[in-house]
1. Ignoring ligands, DNA and RNA, what percent of the accessible area of the chain is carbon or sulfur (1.4 Å)?
2. Provide the gained length on full extension for the span LYS89 to SER56, in nm with one decimal, where the gain is 0.36 nm per separating residue minus the Cα-Cα distance.
3. Subtract the Cα-Cα distance of VAL3 and ARG41 from 0.36 nm times their separation in residues, and report this length gain in nm to one decimal.
4. Considering only ASN52, LEU69, PHE125, whose Cα is most displaced toward the positive end of the charge dipole of the chain, charges sitting on Cβ of Lys, Arg (+1) and Asp, Glu (-1)?
5. Calculate the dipole size of segment 121-174 relative to its Cα centre from +1 charges on Lys and Arg beta carbons and -1 charges on Asp and Glu beta carbons; express the result in debye to the nearest 20.
6. Among the listed pairs LYS70/LYS153; LYS90/LYS153; LYS30/LYS120; LYS34/LYS161, give every one whose C-alpha distance is greater than 21 Å.
7. SER127: net charge of surrounding residues, Cβ under 13 Å, Lys/Arg +1, Asp/Glu -1, itself excluded?
8. Helix-only mean residue ellipticity at 222 nm, the chain, DSSP H runs n ≥ 4 weighted -39,500 (n - 2.57), per residue, nearest 500. What is it?
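The values are calculated or read from the model by the stated rules, or taken from the named source; none is laboratory data. Since we're looking at a predicted model, the values are computed, not measured. Counting neighbours? That spans all protein chains shown, and the Cβs are built from the backbone with ideal geometry, glycine included. Keep in mind that these areas ignore ligands, DNA and RNA; they rest on the heavy atoms of the full protein, side chains included. Shrake-Rupley method; radii C 1.70, N 1.55, O 1.52, S 1.80 Å.
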Amino acid sequence: ILVRCYLTYVLPIVEFASPVWNPYLILESKKIEKVQKFFTRIVFLRCFPSDNYPQSLPSYETRCATLHLKSLAYRRVFSDLVMAYNIIKKKSVLNCNLFFKPKFCNGRRGRYNFHVEPSKSNVRFYSFAVRTTKWLNILANFDSSILSSITVKCFKKRLKKIDLSRVLKLPFKF
């Protein structure tokens with residue numbers, strides 16, 4: 001019940017507009033992740049009581065796995081990629097040309113290569129379009145079938161099968 005309440009009431013607030021506002025500083029990401037760390041700690045205290053509380057508490061990754069939760073960092077990357085897919089496949093009202101410059105790769109039928117103009121400021125460098133363009137290029141080189149998914153549901157299913165932190169070489173663990 002506690003996990004369901006967390007998923008219903010807390011996560012939508014924490015994840016609201018994550019493609020627009022996504023912290024790039026590790027300190028800010030840790031502050032957001034702290035919400036879920038605190039929740040999992042409280043759940044383990046209530047559901048799995050122990051006399052030696054601090055020592056018996058499993059790691060954050062173990063608590064998330066036990067409660068079937070993904071880290072908030074993973075969920076932000078996942079939602080960014082789904083939003084980018086929706087924009088590229090014109091399943092959104094947003095114009096693809098404002099965000100991405102897709103080009104077909106020479107000699108590779110059906111494979112995309114996305115181009116982004118170089119940025120001179122941190123604000124632009126860590127913006128939605130720039131960060132997802134890098135990730136989309138990595139995904140296209142890793143497995144071209146991911147971006148050729150016909151539906152959003154199929155795209156999400158294929159995306160869940162891969163280890164995003166390893167494939168995208170992200171600086172944080174999920």
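1. 58
2. Taking LYS89 through SER56 to full extension adds about 7.1 nm, to one decimal.
3. Full extension of this stretch gives 12.5 nm more.
4. With unit charges placed on the Cβ atoms, the residue in question is PHE125.
5. Dipole about the Cα centre, nearest 20: 180 debye.
6. Correct reply: LYS30/LYS120; LYS34/LYS161.
7. Spelling it out: positives minus negatives among the neighbours equals +2.
8. -15500 deg cm²/dmol
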